[in-house]
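Quick notes on the structure that follows.
Just so it is clear, none of the values below were taken in a lab; they were calculated from the coordinates. Predicted, not measured: the structure shown is a model, and the values here were computed from it. Counting neighbours? That spans all protein chains shown, and the Cβs are built from the backbone with ideal geometry, glycine included.
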Amino acid sequence: METQTLTKRMYRSSMSGHYARVLYELNVPKTDIEKTKETFAEVPQLREVFINPTISAKTKMSVIDQVFPESMKNFLKVVCKNQRVDLINEIFDAYDEYCDEQAHILTAVLTCVEPPSEEQLDKMKVFLCDKYQKADVKIQIVEDTSLLGGFILHVENDEYDWSLKGRLTRLEQKLTWR
C-alpha cells in the first residue's frame, strides 16, 4: 500500500512538474499567475467545479473565460480538458520551484527555536550561495521548540543539524555504542 501511495505521489509530482514547465515556457506574466493562484485560494469552490464530472466541459470553459486573466485561459483549458485541475496547487508550487531553479535560486528550510537575526541569515545565505554555487537563496523559517536550541538547515538532499536536540541524540548514540 505504501509503495502504491509513493508511486501515485511521484506520478502526480511528475505531472505537475510537466505542467509547470509548460506554464513557464508560455511566458505568462507572473502577475497573471499570481492572480490565478489567488482566485483558486480565495474561491476553493472553483476547483471543485472543475473536478466535478457532472458539470459539462462547455460550462467549465465558460467559467475559465469569465474568471481568469486572458493569458491563463488556454493553459487552464488544457489542464481542465486533461482533467488535471486537481493538481492545480501542485502545478503552481512546481512552477515556483522551476522558476527558482531557472534563476539559480536555492531554497532552504531553517528549523529553529527562535528566528535568527538578519546578520545570521545573511551569513547563512553567503555560505549556501558559495557551497551550492547559486545566485541567491530563499530561506523558509520554521519554528520548533522541541529542538531545545540551535537549528537544523535542510538544503536539497543535505541536512545540517546544529540543534541541541540533535547533539544530545548523537552523544547518546556514541555512549550506547561503547
Full extension from THR31 to ASP93: what is 0.36 nm times the residue separation minus their Cα-Cα distance, to one decimal in nm?
20.8 nm
If the reach is capped at under 23 angstrom between alpha carbons, list the lysines near LYS125, excluding any in the same chain fewer than eight residues apart.
LYS134, LYS138
Tell me which lysines have Cα within less than 18 Å of LYS174's Cα, excluding those fewer than 8 residues away on the same chain?
LYS165
Can you tell which of LYS73, LYS165, LYS60 shows the greatest fluctuation in a Gaussian network model of the chain with Cα springs below 10 Å?
LYS165
Tell me the label only: which of (1) 20.5; (2) 16.4; (3) 19.4 is Kirkwood radius over Cα pairs in Å as calculated from this structure?
(3)
Cα axis of helix 118-132 to longest principal axis of the chain: angle in degrees, 0 to 90, nearest 10?
80
Take ALA41 and GLN102, extend 7 Å from each Cα along the Cα→Cβ direction, and tell me the distance between the two endpoints in nm.
2.1
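Looking at the square roots a ≥ b ≥ c of the eigenvalues of the Cα gyration tensor of the range 84-178, which shape do they give, rounded for a/c under 1.5, prolate if a/b is larger than b/c, or oblate?
In terms of gyration-tensor shape, prolate.
Pull up the DSSP beta bridges for the chain and report the antiparallel fraction as a percent, rounded to 5.
Values: 9 of 17 bridges.
Of the beta bridges lying entirely in the chain, close to 55 percent run antiparallel.
Rounded, prolate or oblate, given the Cα gyration tensor of the range 2-99, with a/c below 1.5 counting as rounded?
Values: a/c = 1.86, a/b = 1.18, b/c = 1.57.
Judged from the Cα gyration tensor, the range 2-99 comes out oblate (a/c at least 1.5, b/c at or above a/b).
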May I ask you to compute the full-extension gain from LYS138 to ASP122, defined as 0.36 nm times their residue separation minus their alpha-carbon distance, rounded to one decimal in nm?
4.7 nm
